[in-house]
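The values are calculated or read from the model by the stated rules, or taken from the named source; none is laboratory data. Owing to the predicted nature of the structure, the values given are computational and were not obtained by experimental measurement. Neighbour counts are summed over all protein chains in view; Cβ atoms, including those assigned to glycine, are modelled from backbone coordinates with ideal geometry. To get the accessible areas, we keep the full protein, side chains included, count just its heavy atoms, and leave off ligands, DNA and RNA. Shrake-Rupley method; radii C 1.70, N 1.55, O 1.52, S 1.80 Å.
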Amino acid sequence: EEYHKKKPVNHLRENLQYMLKGRIVADKAVTEQVLAQNRGRKSKDQPPEKTEKKKPEGTVFTEEDFRKFEREYFGIP
């Protein structure tokens, strides 16, 4: 008797009946509106940003300027 008292009860059939009777389907218009709002928001749906190619910047200083700086800064004759 104690075994039968503590035996787990299977509620599957009752749960299925509860789930099947309470089916409420949203309006088609509302569903489409929600899907349209969420469409394209993920990063994988976004097109890659086009970056402008930078031209290599030339230096303003010449070799002579660098040599002059070396002589003045490091004291190389």
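Structure summary
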| item | result |
| --- | --- |
| Qualifying trypsin sites (Lys or Arg not before Pro) in segment 41-77, DSSP loop, other Cβ atoms within 10 Å at most 14 | ARG41, LYS42, LYS50, LYS53, LYS54 |
| Net charge of neighbours whose Cβ lies under 15 Å from the Cβ of LYS21, counting Lys and Arg as +1 and Asp and Glu as -1 | +1 |
| Accessible-area composition of segment 11-74, carbon plus sulfur, in percent [1.4 Å probe] | 54 |
| Per residue, in Å², the accessible surface of segment 11-74 once ligands and nucleic acids are set aside, probe 1.4 Å | 117 |
| Dipole of the chain [Lys/Arg +1, Asp/Glu -1 at C-beta], most positive-end residue of GLN17, PHE74, LEU35 | GLN17 |
| C-alpha long axis of helix 12-21 to longest principal axis of the chain, angle in ° | 80 |
| Charged-residue dipole, Cβ positions (Lys, Arg, Asp, Glu), the chain about Cα centre, Debye nearest 20 | 820 |
